[in-house]
1. Within the range 139-192, which residues are among the hydroxyl-bearing types (Ser, Thr, Tyr) and crowded, with 18+ Cβ neighbours inside 10 Å?
2. Answer yes or no as to whether residue 113 is of a type in the set (D, E, K, R) and either over 15 Å from the mean Cα position of the chain (by Cα) or more than 20 Å from residue 61 (Cβ to Cβ) (or both).
3. Return the only residue of 131, 118 being among the aliphatic types (A, V, I, L, M), outside any helix (DSSP H, G or I) and in contact with a strand residue (DSSP E or B) (Cβ under 7 Å, 6 or more places away or on another chain).
4. Could you go through the range 39-55 and let me know if any residue there is under 16 Å from residue 151 (Cβ atoms) and either out of contact with any helix residue (DSSP H, G or I) (no Cβ under 6 Å at 6 or more places or on another chain) or modelled with pLDDT of 95 or more (or both).
5. So which residues in the range 156-173 are outside any helix (DSSP H, G or I) and over 22 Å from residue 12 (Cα atoms)?
6. Please identify the pairs in which a residue from the range 107-129 that is over 18 Å from residue 92 (Cβ atoms) has its Cβ atom under 6 Å from the Cβ atom of a residue that is of a type in the set (Ser, Thr, Tyr) and assigned to a helix (DSSP H, G or I), counting only partners at least 6 apart or on another chain.
7. Specify which of the listed residues (134, 69, 153) is of a type in the set (A, V, I, L, M, F, W, C), more than 27 Å from residue 14 (Cα to Cα) and at pLDDT 95 or above.
8. Check residue 99 against each of (1) surrounded by fewer than 21 Cβ atoms within 10 Å (Cβ to Cβ); (2) closer than 19 Å to residue 68 by Cβ and name the one condition it does not meet.
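The values are calculated or read from the model by the stated rules, or taken from the named source; none is laboratory data. Given the structure is predicted, the values throughout are model-derived calculations rather than measurements. Heads up, the Cβs are rebuilt from the backbone with ideal geometry, glycines too, and the neighbour counts pull from every protein chain shown.
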Amino acid sequence: MRIENLDAYTEKLIDVLKRTEISKGDIKYNYEDGIKLLVDIFTEKKKAGSKVYFIGNGGSAAIASHMTADFMKNGGMNTVSLYDNAVTTCMGNDYGYEHVFSKPLSFLAGKGDLLVAISSSGKSQNIINSIDVAMEKGMSIISFTGFSDDNPARRISDVSVYIPSHKYGIVESIHNLILQEIVDLIMECDGVSL
């Protein structure tokens, strides 16, 4: 197989990254100010000792699991993993897959904690149910979504990071990149050289 333009994918990824939308309510931020907002939110939660929950399905689950570890180890934050196999299968079996994250959140999370919901489509019912529980609990909610710009997760989150693409690889790559950028900036703020 012959590939004509090896740079095309990277160029597309950079183009979509430049068009990424970070918003809080009706306020839309440019990329730099949006990243600052996100770093400020995570830093505030770190100082308060709040718990941070990352959730997602499929590739987004891998990102959520990875970031649970990175924000704990490198960011010094109180992260909680909802990806224990026994717990996940128990919740799925007893309450249905649409509650695999919301049920543990209802048991574990508290007011002032942070939910980071990662979903390419922003439509997964288990993500929406978790956001609903987070709202009931008085948690802060940041969603990382893509695909349709009016997806449900984006609409009901406190802060939205929206990737304007319908390609899983592009959306997931940018979600991972932005979250990695946030934790690296937190490390810089803590005086850790990168």
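1. Selection gives 140, 143, 145, 157, 160, 162, 165, 173.
2. no
3. Values: 131 fails: outside any helix (DSSP H, G or I).
Answer to the selection: 118.
4. Step one: list which residues in the range 39-55 are under 16 Å from residue 151 (Cβ atoms), which gives 55.
Still in the running and either out of contact with any helix residue (DSSP H, G or I) (no Cβ under 6 Å at 6 or more places or on another chain) or modelled with pLDDT of 95 or more (or both): 55.
Checking the range 39-55: at least one residue is under 16 Å from residue 151 (Cβ atoms) and either out of contact with any helix residue (DSSP H, G or I) (no Cβ under 6 Å at 6 or more places or on another chain) or modelled with pLDDT of 95 or more (or both).
5. Applying the first criterion (outside any helix (DSSP H, G or I)) to the range 156-173 yields 157-167.
Scanning the range 156-173 gives 157, 158, 159.
6. Qualifying pairs under 6 Å: 118/60; 120/168.
7. On the way: 69 fails: more than 27 Å from residue 14 (Cα to Cα); 153 fails: more than 27 Å from residue 14 (Cα to Cα).
Going through 134, 69, 153 in turn, just one is of a type in the set (A, V, I, L, M, F, W, C), more than 27 Å from residue 14 (Cα to Cα) and at pLDDT 95 or above: 134.
8. With (1) surrounded by fewer than 21 Cβ atoms within 10 Å (Cβ to Cβ); (2) closer than 19 Å to residue 68 by Cβ applied to residue 99, the lone miss is (2).
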